[in-house]
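Reviewing the structure listed below.
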Amino acid sequence: MELKNHFMRQKMMTKVLISLIPLYIFSVWLYGLRVLTLLAVVTLVGVLAEFWVMRLIQGDKVKVTEAALVTCALYTLTLPPTVPYWIAIVGILVALILGKGAFGGFARNIFNPALVGRCFIYISFPVQMTAAWAKTYTSLPGGFLRYGVDALSEATPMILQETQGVLTPLKDLFLGTVGGSIGESSALLILIAAAYLLYTKTASKTIMLWVTLSGLAFSSAFYYLGYSTAPPIFSILSGGFLFATVFMATDPISAPRDTLSQALYGIIIGFSAIFIRTFSLFTEGIMFAVLIGNSFAPLIERTVREMRAKRAAGGAK
Amino acid sequence: MVELKVIAKTNVTKENQILRQILGICSALAVTNLMTNSLVMGVGVTFVTALSSFTISLINQLIPQRIRMLIQTFVIAFYVILVHLFLQTFLPSISKQLGPYVGLIITNCIIMGRAEAFAAKNPPLPALVDGFFAGVGYLLVLLAISFVREILGFGTIFGFSLGLNFTPWTLMVMPPAAFFVISILIWITSAWAIKAEEKGRRA
Amino acid sequence: MKRGYLYTVIFMAIVSIVLTAILAISNAAMLPTIKDNVWKAEQLALLDAFGVVSDDPEAYFDAHVKEKDFGTVKGYMLEDGDTKAYALPIEGPGLWGSISGYLALSEDLKTILGITFTDQNETPGLGGRIDEPQFRDQFRGLNFEPLRYSEELSAITGATQTSSSVLRMINQFYETILPTLEVN
């Protein structure tokens, strides 16, 4: 049994992995080398989990897809830097076994697996997932020579805004020298990754565009109508909004395929994210928003297809 | 008498109401965060299913066909109210915890299902056994689900602390967790069933 | 077998009469115990709010606790030697349904002696934990004034909404009902 017979390379997925490298380097600088050990543990457990569950389905011809590696890498970036290893392990098991394997494996899952796992541990362990945030290193050598972070409980920009009304300067949000989940900090690096993904035609520009537009539109609406105190640009740059827009919403498996459906899907995600942030108890809503979008994707796609078929039939008469 | 044994066994295993027929899911989601609640609920359902099946089978010959289901519901409601009164009288704290779910035993599809599918076509004794073991099958699954949920959600079994120093899983306390636990149980049992079937075919 | 309408009606009537009669009898037989259970639970909750620990709660309750009309609301009064205390009903919306209970206050109405909940449907293990002594005991001995969560008074982790509902109930009571109370 040769190892390479059990691995399926996927070119698109390689590109996603490449696009994540800068984010990882930056987050090591912010939070220390623990980020990398966390990634290693998550990937090891994730690959074993995928191997086990796919063996149930495919038998001896089992193949672990490169998509599983992407799931592991993205999932790790959504975690708080101080997350205990065992919680990270529970999440990745849920992601790949219940979020993906149970649906039949690669290309059959309805929901983005990384977010399923993230959501499961977020609801199960609210204290560990939200209470303690890490202070970031902001000078050289930063976290490159250290294992973890020294100081805790610096609130994230979104928590500061919601509880104390303090707005973090946009420059910090843009560059990313702020606390939060491992990969969500730097808007600039996420945008660079987005540019790379768009240039290599790996991710859908329609989805990215419409999620952002919808997010901007609804956060402006809520802001100017007085429901929310977060200015629109702040809303887009803070929290995981950009990260999820670029890497999660565009997941080709759980998103619709034609342009019109993608636009509708993007609008739903942008709206849900801002709506949850503004009106619910949760500080961040983008994770739920993408999952909500995922659950609507098949319906949107079918409705659009049926409408088109009807119009085509009408035109033929 | 062999036949009764078969009825009893298939109701708990091969035709388990929750795992194989996917009936009675609503209450299995709602009350399974604590084992004590599950036990009381399971016993209540077992009691109602057994006696309503027995009663319906007993008077089946007399029931006019056009009001058959009406009478069945009536009989089931009768036993459910008895259970409800009994719990309020003798187990007030559990009755409070189960809240509306005792009254809702009446809507449990298992009971009506057994009445229609079995009791209405069979003599009283087999109907009693069938109803009783359908309830036992339900009870066992509830206990299995709540075993997982109570350990992970509270670190206890039947309210007794296991002395574990660990982080409780908040999700396990909430009803959605039962979806995960039930579906994993169904996954495992279906896999067994398929294997057993293949073996049977080969033999 | 085909039967007539008359048979159907008579059959239905007989079944109804028999089953309803049995239920009515059981209900009549059990109702006193049920009411007693509810009352006992209420007594225990009240004593708990007052912070009274007793070997024979029922006897203690009968001896020292009386119903009292405070003008705008009806509550209870505890008299044990020189100590006097009041328990007043509080109520408000929770996350899933309304929460009700009693707030026990010292004689001068300036100190909270304790709080207890007689009815709540919050998420077990989350909001439901307002029933636990760890949460409720925090209120004992606090000055009765508008409260907010702080280091001394902590909300239940993961149940922010229920925790704030409880404070809202207490603060609303402080603002609207407390000034109207007639103690004497």
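Suppose we take every Cα in region C:14-55 and form the convex hull; what volume per residue is that in Å³? Mind dumping the intermediate values first?
Working: hull volume 2.4 nm³, N = 42.
Hull volume normalised by residue count: 57 Å³.
Farthest toward the dipole's positive end in region A:3-305, which of A:Tyr24, A:Val35, A:Leu299, given Cβ charges of +1 (Lys, Arg) and -1 (Asp, Glu) about the Cα centre?
A:Leu299
log10 I(q)/I(0), Debye, Cα-only region C:49-180, no solvent, q = 0.09, 0.10, 0.12, 0.15 Å⁻¹?
-0.26, -0.32, -0.46, -0.72
So how far apart, in nm, are the two label points at B:Ala191 and B:Thr13 if each is 7 Å from Cα heading toward Cβ?
In this crude label model, B:Ala191 to B:Thr13 measures out at 1.9 nm.
Measure off 7 Å from each Cα along the Cα-to-Cβ vector at A:Ser280 and C:Arg168, then give the distance between these two points in nanometres to one decimal.
Spacing of the two 7 Å Cα→Cβ label points: 1.8 nm.
May I ask you to order A:219-228, C:27-36, B:48-57 by the average number of other C-beta atoms within 10 Å around their residues, highest value first? Numbers along the way, then the final one.
On the way: A:219-228: 15.7, C:27-36: 12.7, B:48-57: 25.6.
Per-residue mean Cβ counts within 10 Å order the peptides as B:48-57, A:219-228, C:27-36.
Would region B:2-202 count as rounded, prolate or oblate if I go by the C-alpha gyration tensor, calling it rounded below 1.5 in a/c and otherwise prolate when a/b exceeds b/c, oblate otherwise?
oblate
Pop the C-beta distance of A:Leu44 and C:Leu6 into the FRET formula with R0 = 56 Å and round what comes out to the nearest 0.05. Don't jump to the answer; show the numbers that get you there.
Numbers: r = 77 Å, r/R0 = 1.38.
That pair, A:Leu44 with C:Leu6, gives E of 0.15.
Rounded to the nearest 500 deg cm²/dmol, what is the calculated helix-only ellipticity per residue at 222 nm for chain B, with -39500 (n - 2.57) per DSSP H run of length n ≥ 4?
-23500 deg cm²/dmol
Exposure proxy check: B:Trp169, A:Trp52 ranked by fewest other beta carbons within 10 Å?
A:Trp52, B:Trp169
Using the Cα centre of chain A as the reference point, and only Cβ charges (+1 on K/R, -1 on D/E), how large is the resulting charge dipole? Debye, rounded to the nearest 20.
Result for chain A is approximately 1100 debye, rounded to the nearest 20.
Where a ≥ b ≥ c are the square roots of the eigenvalues of the C-alpha gyration tensor, would you call region A:3-305 rounded, which needs a/c under 1.5, or, failing that, prolate if a/b is larger than b/c, or oblate?
Values: a/c = 1.67, a/b = 1.15, b/c = 1.45.
Since a/c reaches 1.5 but b/c is at least a/b, the shape of region A:3-305 is classed as oblate.
I need the peptides B:16-25, B:36-45, B:99-108 ranked by packing, meaning the mean over residues of other C-beta atoms within 10 angstrom, with the highest value on top.
Values: B:16-25: 20.8, B:36-45: 22.7, B:99-108: 18.0.
Sorting B:16-25, B:36-45, B:99-108 by mean packing, highest first, produces B:36-45, B:16-25, B:99-108.
Testing the spin-label approximation: label points 7 Å from Cα along Cα→Cβ at C:Arg148 and A:Leu188. State their distance in nm.
3.7
Rounded, prolate or oblate, given the Cα gyration tensor of the protein assembly as shown, with a/c below 1.5 counting as rounded? Mind dumping the intermediate values first?
On the way: a/c = 2.05, a/b = 1.21, b/c = 1.69.
Oblate is the answer for the protein assembly as shown, as a/c is 1.5 or above yet b/c matches or exceeds a/b.
Treat every Asp and Glu Cβ in region A:242-317 as -1 and every Lys and Arg Cβ as +1, leave all other atoms uncharged, and give the resulting dipole magnitude about the Cα centre to the nearest 20 debye.
Dipole of region A:242-317, to the nearest 20 debye: 460 debye.
Which FRET efficiency value, to the nearest 0.05, is calculated for B:Ile67 and C:Asp119 with the Förster distance at 60 angstrom and r the Cβ-Cβ distance?
Efficiency computed from Cβ-Cβ geometry: 0.95.
Using alpha carbons only, how many angstrom separate the centre of region B:17-76 from the centre of region A:211-229?
One Cα centre to the other: 51 Å.
Report, as an integer, the average count of C-beta atoms from other chains found within 10 Å of each Cβ along B:69-77.
Details: counts 0, 3, 5, 0, 0, 5, 2, 0, 2.
Per residue, the number of nearby Cβ atoms from other chains is 2 on average.
Using the crude model of +1 on Lys and Arg Cβ and -1 on Asp and Glu Cβ, and no other charge, please compute the dipole size for the protein assembly as shown relative to its Cα centre, in debye to 20. Write down the numbers at each step before the final one.
Values: 52 positive and 46 negative charges, 900 e Å.
With Lys and Arg at +1 and Asp and Glu at -1, about 4320 debye.
Would you mind giving the mean number of other chain beta-carbons within 10 Å of the Cβ of each residue in C:35-44, as a whole number?
2
Taken together, the values in this text are just the output of simple stated rules run on the coordinates, not laboratory data. These numbers come from a predicted model, not from an experiment. So basically every Cβ, Gly included, is an ideal-geometry build from the backbone, and we count neighbours across all protein chains shown.
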